[in-house]
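The values are calculated or read from the model by the stated rules, or taken from the named source; none is laboratory data. On a predicted model such as this, the values are computed, not experimentally measured, just so you know. Cβ sites come from the backbone with ideal geometry, for glycine too, and all protein chains shown count toward neighbours. To get the accessible areas, we keep the full protein, side chains included, count just its heavy atoms, and leave off ligands, DNA and RNA. Shrake-Rupley method; radii C 1.70, N 1.55, O 1.52, S 1.80 Å.
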Amino acid sequence: MEPSNAPRFATVPVFKPTLPTAEKLLPFLKQIDANHWYTNQGPLVHLFERKLADHFGVSVDRVVTCANGTVGLTLALQALGLPPGCLCLMPSWTFVATPAAALQAGLQPFFADVDSQTWALDPQHVRQIVRTQRIGAVIPVAPFGAPLDLAAWESFQTETGIPVLVDAAAGFDTFAATKTTLPFVVSLHATKVFGIGEGAVVVSPHDDRARTVRAFSNFGFDGSREARLPGGNAKLSEYGAAVGLAGLEAWPSTRRRWQRLTSLFRTFLTERAEKMVSSPRFGEGWVSSYGLVRLAPLFEATEIERGLADSGVETRLWWGNGCHTHPAYRDCPRESLMQTEALTPSVLGLPFWLGCNTRILDSVFRTLDPILERKA
């Protein structure tokens with residue numbers, strides 16, 4: 001006999017990464033074998049960067065791949081040449097990689113509140129902050145890949161003289177062919193809509209900045225074995241590029257699968273509109289790998305999380321209660337985070353991954369419904 005607390009069905013994961021299969025990788029791995037070139041900006045990395053440049057609609061001399069998204073943000077901040085220890089303004093409502101990158105670049109995170117509707121920094125609000133705080137740089141975060149008002153941020157940068165770097169970690173699709181003068185960093189982590197395992201791409205506003213980013217990623221070398229900058233080693237390997245190239249070949253088909261899943265997920269949410277809504281601008285022509293809901297004020301995400309876990313459904317508080325609540329960042333300066341603290345208890349990530357079909361989502365939401373009824 002099964003114990004009374006056994007789940008009613010096998011555990012449904014909140015996310016299940018899907019990367020290119022060994023069969024799809026094999027042609028690229030054979031190229032690596034033939035080239036005997038495994039790292040140090042080899043031919044596959046150069047090819048991958050050219051294809052990424054096409055994807056983002058920029059010249060290849062503006063694109064630099066690197067080992068992961070956190071180090072990508074760090075390199076891009078270092079390339080700004082800011083005074084050590086200056087304040088780097090960012091939302092607390094982000095993944096902890098954002099403040100970690102600022103600290104690694106020698107800057108001090110300053111947490112600002114987000115807009116309750118967009119879940120992102122409001123450039124008008126940030127204008128008010130910079131009147132009283134000596135801010136060295138601003139990192140707007142595209143929340144879970146959602147589009148930002150880039151024109152407004154470009155105006156902010158022009159008018160204030162404060163450099164802006166966009167954390168577009170989940171924005172591989174959102175930032176495709178984006179016409180912006182702002183630098184941005186896109187993560188290629190396995191949990192992203194286009195993943196290679198670990199990796200990232202930095203897209204700079206001009207080739208000089210990209211060249212500096214590349215030098216920082218390669219021990220400060222720039223065309224010679226002489227270090228002109230105090231760089232480190234953040235390069236993407238040929239193996240990472242091989243996964244990326246195989247993934248790009250399948251991207252049109254992969255993107256259509258994400259679109260179908262997005263549409264399906266929205267259908268289930270529409271049927272429960274009084275109890276939950278999607279994350280901002282979800283399904284508006286771009287795809288992301290996060291099936292997030294914002295629960296009505298009556299419900300609390302942690303309680304719903306426990307109820308679903310008891311029934312074998314995994315969920316995730318993807319950004320928790322904000323970076324300012326983590327021990328590592330509690331002492332960082334910040335303004336009042338009233339909107340953030342109202343937002344965080346209500347946001348929950350539900351199962352959302354390629355292969356998460358109608359049957360699975362129907363089971364998830366049918367499990368969720370009585371839990372919501374009990375809490376109502």
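Specify which of the listed residues (Q133, Q117, Q124) is part of a helix (DSSP H, G or I) and polar (S, T, N, Q). Steps first, please.
Numbers: Q133 fails: part of a helix (DSSP H, G or I); Q117 fails: part of a helix (DSSP H, G or I).
Just a single option satisfies the conditions, and that option is Q124.
Residues are listed down the side, and each one gets a yes or a no for (1) more than 19 Å from the chain's Cα centre (by Cα); (2) in a helix (DSSP H, G or I); (3) surrounded by fewer than 18 Cβ atoms within 10 Å (Cβ to Cβ); (4) modelled with pLDDT of 95 or more:
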position	(1), (2), (3), (4)
L19	no, no, yes, yes
E23	yes, yes, yes, yes
F28	yes, yes, no, yes
F48	yes, yes, no, yes
A53	no, yes, yes, yes
V58	yes, no, no, yes
T70	no, yes, no, yes
L77	no, yes, no, yes
P99	no, yes, no, yes
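Counting only residues that are more than 20 Å from the chain's Cα centre (by Cα) and of a type in the set (D, E), which one in the range 251-296 is most open to solvent (accessible area, probe 1.4 Å)?
Across the range 251-296, the extreme among qualifying residues is E274.
Just one of the numbered conditions (1) crowded, with 17+ Cβ neighbours inside 10 Å; (2) at pLDDT below 95 is not true of K179; which one?
(1)
Identify the single condition in (1) within 19 Å of V213 (Cα to Cα); (2) open to solvent by less than 60 Å² (accessible area, probe 1.4 Å); (3) β-branched (V, I, T) that I129 does not satisfy, given that it satisfies every other one.
Among (1) within 19 Å of V213 (Cα to Cα); (2) open to solvent by less than 60 Å² (accessible area, probe 1.4 Å); (3) β-branched (V, I, T), the lone unmet condition for I129 is (1).
Quick one: which strands (runs of 3 or more DSSP E) sit completely within the range 194-310 and have at least 1 residues that are closer than 28 Å to A76 by Cα? Walk me through it before giving the result.
Values: elements: 200-203, 276-278, 291-295.
By residue number, 200-203.
Restricting to the range 332-341, count the residues that are open to solvent by 60 Å² or more (accessible area, probe 1.4 Å), not acidic (D, E) and not in a loop (DSSP other than H, G, I, E, B).
Taking the range 332-341 and keeping what is open to solvent by 60 Å² or more (accessible area, probe 1.4 Å), we get 334, 336, 338-339, 341.
Next, only the ones that are not acidic (D, E) stay: 334, 336, 338-339.
So of that shortlist, the ones also not in a loop (DSSP other than H, G, I, E, B) come out as 334, 338-339.
Number satisfying all stated conditions: 3.
Cβ-Cβ distance below 9 Å, separation of 6 or more or different chains: which pairs start in the range 249-269 with a residue that is more than 18 Å from P17 (Cβ to Cβ) and end on one that is outside any helix (DSSP H, G or I) and open to solvent by 60 Å² or more (accessible area, probe 1.4 Å)?
From residues that are more than 18 Å from P17 (Cβ to Cβ), the pairs are L264/N357; L269/V277.
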